[in-house]
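Enquirer: Let me give you the structure first, and then I'll get to my questions.
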Amino acid sequence: MKTKPQDFQPFINRMMADPELKNGLESDHLDSERQYQQFKENFLKGKCYLCGENITRCDYAKPCIHWLLRAHKRIKKKNIEEALKTKDLNQIIAFLRWVANSDEKLTQINDFEAYEKRDGLFYQETIKYKNLNWTIWIKEGDLKGHIGKQIDFPHYHLHMTIDGRNFINFSEMHIPLSEYDVFFIYARTGKYPNVGFTVPHGESFSDIFNFIPEEELLDGMVSSDDDINAPFHLQTFVQAKPGKLIKGSEIAKLVKEHNETKVPMAVLLKKLDADTKVLVSPNKLIEPVLRDEPKSGR
Ligand SMILES: [Zn+2]
Ligand SMILES: [Zn+2]
């Protein structure tokens, strides 16, 4: 199985050179748009778009990833494990992100860890929905498999809490990764200059920061009086140019304009004849669930 970034280069080259393959990917995109609409329509009615059953239904004969919502007490860990094996990880992530974003956009998904170069970490993402919390965790070692432990295949780990209590622990499951999952993670985390990957309608803050230039983010922003619920937090550093002073009256003028127009101060401050640097950061993001470094290298 292909697990190294360069393993997928021939595929990327073919994709870039072949308009038909590109069109194929575009129709994939349309397909996921269509799937999202189906998801939304059904989810609002308490139904699962994948199996057609009620979300609260648990029919052991029809394993389905809607069991991750554990809306029925009969759903045990082993049932969830069985359901996870019916879909690729990227489909599971899309499903959970759609569920999370149905509650509140952006703040319920934290995949920043995936972009930080922590030693040996291949991918991590935490998704929250109401009282449920899922963390996907993959170390470099999981890509190779744990040799000699009958888990000698590429896999991911899942951690799940309900009401803050552990329901599934990181070490309990080793769910196989598909080759496409591995490619998808490389593409998402920016391994290939020409290829990106997002989940339509399932975007996280880091997707937005990675795919939308900061200037465009600022342009589209309207300042909110509700500091706690605003999705972005802006900090602006203003420094006078050498030999110059910033006048208090100029700042006061901008504050007045800000109050009247709701244009963020970060944007208005750029009118000053000064050096400004804007820091855009997500407000109110859920905490990632970190795994303690295991002792036995699992
Ligand atoms: Zn289902
Ligand atoms: Zn493992």
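Every number here is computed from the coordinates shown, using simple stated rules; none is lab data. These numbers come from a predicted model, not from an experiment. Every residue, glycine as well, gets a Cβ built from its backbone with ideal geometry; the counts of neighbours run over all protein chains shown.
Enquirer: Let me know the charge dipole size of the range 5-207 about its Cα centre in debye, to the nearest 20, where only the beta-carbon of Lys, Arg (+1) and Asp, Glu (-1) is charged. Intermediate values should be presented prior to the final figure.
Expert: Details: 28 positive and 29 negative charges, 192 e Å.
Dipole of the range 5-207, to the nearest 20 debye: 920 debye.
Enquirer: Starting from the Cα of VAL238, step 7 Å along the direction of its Cβ; do the same at ASN131; then give the gap between the two resulting points in nm.
Expert: Placing both labels 7 Å along Cα→Cβ, they lie 4.8 nm apart.
Enquirer: Using 0.36 nm times the number of residues separating LYS4 and GLU53, minus their current alpha carbon distance, what extension gain do you get?
Expert: Details: separation 49, 0.36 × 49 = 17.64 nm, distance 3.85 nm.
Gain on stretching LYS4 to GLU53: 13.8 nm.
Enquirer: Moving on to the next point. Based only on other Cβ atoms within 10 Å, what is the fewest-to-most ordering of HIS66, HIS258, HIS174? Write down the numbers at each step before the final one.
Expert: Numbers: HIS66 26, HIS258 17, HIS174 20.
Fewest-to-most ranking of HIS66, HIS258, HIS174: HIS258, HIS174, HIS66.
Enquirer: Pairs of alpha-carbon atoms within less than 8 angstrom and 6+ residues apart define the contacts here; what relative contact order does the range 47-129 have, in percent? Each step should come with its number before you reach the end.
Expert: Working: 76 pairs, mean separation 15.6, N = 83.
Relative contact order here is 19 percent.
Enquirer: Now a separate question. Can you compute the modelled spin-label distance between LYS191 and ASP88, with each label point 7 Å from Cα toward Cβ, in nm?
Expert: Here the answer is 1.4 nm between the modelled labels.
Enquirer: With a Förster radius of 51 Å, plug the Cβ-Cβ distance of GLU172 and LYS271 into 1/(1 + (r/R0)^6) and report the FRET value to the nearest 0.05.
Expert: Values: r = 56 Å, r/R0 = 1.10.
About 0.35, to the nearest 0.05.
Enquirer: Provide the FRET efficiency to the nearest 0.05 for the LYS40-ILE147 pair, computing r from the beta carbons and using R0 = 35 Å.
Expert: Details: r = 43 Å, r/R0 = 1.23.
It comes out at approximately 0.20.
Enquirer: Here's something else I'd like to know. Tell me which residues come under 5 Å, amide H to amide H, from ILE151 once H is placed; ignore anything under 5 positions away on its chain.
Expert: HIS146
Enquirer: Could you pull out every residue, at least 5 positions away or on a different chain, whose amide H is within less than 5 Å of the one on ILE246? Hs are placed 1.01 Å off N in the peptide plane, and Pro or chain starts have none.
Expert: none
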